[in-house]
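Below is one structure; the comments refer to it alone.
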Amino acid sequence: MLNREENDLMCRVEGDAPMGQIFRRHWMPACLIEEVPEPDGDPVKVRLLGEDLVIFRDTNGKIGVLDEYCPHRRASLVYGRNEDCGLRCLYHGWKIDVEGNVVEMSSEPAESAFTEKVKQKTYPHHEAAGFIWVYMGPRETMPDFEMPFFAPSPDTRISISKIMIDCNWAQILEGAIDSAHSSSLHSSDMVPARVDGAKATASNWLRPSTDKSPRLQVQRTSFGFRYAALRRPIMNANTHDYVRTTLFIAPYSVLIPPNNMYNIAILHIPSDDTHTAFHFIAWGDAELTPETETWRKFLTAQVGIDIDKKFRKIRTRENDYLQDRQAMKLGNFTGIKGIPNQDIAMWETMGPIADRSLDRLGASDLAIVEFRRQMVEAAHLFQKDGTVIGRTEPHIPHVKLQSFEGIVPKSTNWRTINVSPEEMASGDVSSSTSAAE
């Protein structure tokens, strides 16, 4: 278990917190492109790592990522007028362009030249793969933008579900790397079946195993780690294993095992210490991957139905996540609709920041142990010499990374399945295991 000092070191991201500084040295998704779809449209308020930003698309279609507050008297620019290639503050009419230049000060004499003395804080950004990405670290150490692993080609279909969650990012990410919980929490949506691998239907996901106690093995890599969950398959259990490999791509991404139709990824972006933007992504071939609205409907995360236009959920702790006890009596395990909503009920009820000093972990928590150990080590290393986890050599291009699921002979070495030539050459296929805390 972590002590409280280690827990804070891993979880807290605001201000000068080491973990927040690590995040700042990676490109992060700030908002969806669909939130700023048109020139002179509504500005969007974004909170990242405890910092308030405003994102807008100007008259010429250019994106600006600015400090939310007007440099004059600190009124919010989110309510400003987006017009004539700038965002105009309602208070005194100061207008700021996408580069942070104050191009008009209607409250000041024209001859004052005050506009030349004021500059609004801005951040570098990149528009790709359904997101507006930002870099919030030192400019001199800014890496080139790299296409994310869920956009391996220009014709990849990417469908994103976004939900704002009221708890710390780390307990959400721990859910994404916890293979054991799916056999209980999601058992009414991830259903055991006599199939040869994971299958997606319009209403649920089928799994070729009834095994609720997976054997976990972990392997450290230069990008974070991968782990395998080995289960008894329904068919050929004496000679084969059902293997699911999941990748943690530091500091905030998880690549989930695919099904027969599409791949799955989750991004966990801290708004601040106790709030997180959660992105559940389906991606793959356009003929097989569900479109965005179909994906959101499957997850019970549709805008205007399950979440509002700011991606805030209607299912909350105050209304018991709309849990249906009658449905539970009739056989539904949780009585909560939607895979992410079931997870959210667990994550939020742990508290704004889970107290890991009280945890009692077992063998099925091996990936959780590795994540905590790795991220606490990363925070200490950053404090020591500025090393940033996920940016060390050897660097593996993210589009080369793959997860895996399938039934394989027991003799198969899972560490070599779906491993790129770059990973093989780097030596990242060596095994690393950890004991439960």
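Filter segment 359-412 down to residues that are without any contact (Cβ under 8 Å) to a residue 24 or more places away in the chain and either touching a strand residue (DSSP E or B) at 6+ places or on another chain (Cβ under 8 Å) or of a type in the set (Ser, Thr, Tyr) (or both) and give me whichever is farthest from LEU2 (Cα to Cα).
SER411
When you look at ASP58, is it open to solvent by less than 20 Å² (accessible area, probe 1.4 Å), of a type in the set (Asp, Glu) and farther than 30 Å from GLY362 by Cβ, yes or no?
Answer is yes for this residue.
Given the conditions (1) touching a residue at least 24 places away in the same chain (Cβ under 8 Å); (2) in contact with a helix residue (DSSP H, G or I) (Cβ under 9 Å, 6 or more places away or on another chain); (3) under 19 Å from TRP347 (Cβ atoms), and given that ALA282 satisfies all but one, which numbered condition is not satisfied?
The single condition ALA282 does not satisfy is (3).
On the basis of being buried (at least 20 other Cβ atoms within 10 Å of the Cβ) and closer than 18 Å to ILE256 by Cβ, does SER187 make the cut?
No; evaluated as a whole, the condition is false for this residue.
Counting just the residues of segment 119-138 that are loosely packed, with under 15 Cβ neighbours inside 10 Å and over 23 Å from the mean Cα position of the chain (by Cα), which one comes out farthest from VAL103 (Cα to Cα)?
Filtering first and then ranking leaves LYS121.
From the list TYR123, TYR91, pick out the single residue that is in contact (Cβ under 8 Å) with a residue 40 or more places away in the chain and of a type in the set (Phe, Trp, Tyr).
Exactly one residue qualifies, and that residue is TYR123.
Over 30 Å from GLN342 (Cα atoms) and touching a strand residue (DSSP E or B) at 6+ places or on another chain (Cβ under 7 Å) - does that describe any residue in segment 137-147?
Within segment 137-147, one or more residues are over 30 Å from GLN342 (Cα atoms) and touching a strand residue (DSSP E or B) at 6+ places or on another chain (Cβ under 7 Å).
Filter segment 224-240 down to the residues that are open to solvent by 10 Å² or more (accessible area, probe 1.4 Å) and either assigned to a strand (DSSP E or B) or touching a residue at least 60 places away in the same chain (Cβ under 8 Å) (or both) and list them by number.
The answer is LEU230, MET235, ASN236, THR239, HIS240.
So in segment 267-314, with the set limited to residues that are in contact with a Cys (Cβ under 9 Å, 6 or more places away or on another chain) and part of a loop (DSSP other than H, G, I, E, B), which one is most open to solvent (accessible area, probe 1.4 Å)?
Result: THR274.
In segment 362-403, which residues are touching a helix residue (DSSP H, G or I) at 6+ places or on another chain (Cβ under 6 Å) and not in a helix (DSSP H, G or I)?
THR387, VAL388, ILE389, PRO394, ILE396
Given the options VAL36, VAL44, name the one that is under 13 Å from VAL134 (Cβ atoms) and either touching a Cys at 6+ places or on another chain (Cβ under 9 Å) or acidic (Asp, Glu) (or both).
VAL44
Could you please let me know if MET28 is touching a Pro at 6+ places or on another chain (Cβ under 8 Å) and within 17 Å of LEU267 (Cβ to Cβ)?
Answer is no for this residue.
Based on what the data block shows, is THR141 open to solvent by 40 Å² or more (accessible area, probe 1.4 Å) and either more than 32 Å from the chain's Cα centre (by Cα) or at positive phi (or both)?
No: the conditions fail for THR141.
Could you tell me how many of the residues in segment 77-113 are part of a helix (DSSP H, G or I), open to solvent by 70 Å² or more (accessible area, probe 1.4 Å) and modelled with pLDDT under 95?
The qualifying residues number 2.
Looking at LEU173 and the list (1) open to solvent by less than 20 Å² (accessible area, probe 1.4 Å); (2) hydrophobic (A, V, I, L, M, F, W, C); (3) assigned to a loop (DSSP other than H, G, I, E, B); (4) in contact with a His (Cβ under 6 Å, 6 or more places away or on another chain), which single condition is not satisfied?
Exception for LEU173: condition (3).
Yes or no: PRO192 under 30 Å from TRP27 (Cβ atoms) and open to solvent by 20 Å² or more (accessible area, probe 1.4 Å)?
Here the answer is no, as PRO192 does not meet what is asked.
How many residues are touching a helix residue (DSSP H, G or I) at 6+ places or on another chain (Cβ under 9 Å) and not in a strand (DSSP E or B) if we restrict to segment 189-203?
Residues in segment 189-203 being touching a helix residue (DSSP H, G or I) at 6+ places or on another chain (Cβ under 9 Å) and not in a strand (DSSP E or B): 3 in total.
Could you please find all residues in segment 204-223 being touching a helix residue (DSSP H, G or I) at 6+ places or on another chain (Cβ under 6 Å) and either more than 26 Å from VAL369 (Cβ to Cβ) or not in a loop (DSSP other than H, G, I, E, B) (or both)?
Correct list: LEU216, VAL218, GLN219.
Looking only at segment 350-361, which residues are assigned to a helix (DSSP H, G or I) and touching a helix residue (DSSP H, G or I) at 6+ places or on another chain (Cβ under 9 Å)?
ARG356, SER357
Which one is least open to solvent (accessible area, probe 1.4 Å), of the residues in segment 322-344 that are assigned to a helix (DSSP H, G or I) and over 26 Å from ALA282 (Cβ atoms)?
Filtering segment 322-344 for residues that are assigned to a helix (DSSP H, G or I) and over 26 Å from ALA282 (Cβ atoms), the one least open to solvent (accessible area, probe 1.4 Å) comes out as MET328.
Take the conditions in a loop (DSSP other than H, G, I, E, B), among the acidic types (Asp, Glu), without any contact (Cβ under 8 Å) to a residue 12 or more places away in the chain and open to solvent by 40 Å² or more (accessible area, probe 1.4 Å) and apply them to ASP16. Does it pass?
yes
The values are calculated or read from the model by the stated rules, or taken from the named source; none is laboratory data. For clarity, every value in this text was computed on a predicted model and none was experimentally measured. Cβ atoms come from the backbone with ideal geometry, glycine included; neighbour counts cover every protein chain shown. Just the protein is used for accessible areas: all its heavy atoms, side chains included, with ligands, DNA and RNA removed. Shrake-Rupley method; radii C 1.70, N 1.55, O 1.52, S 1.80 Å.
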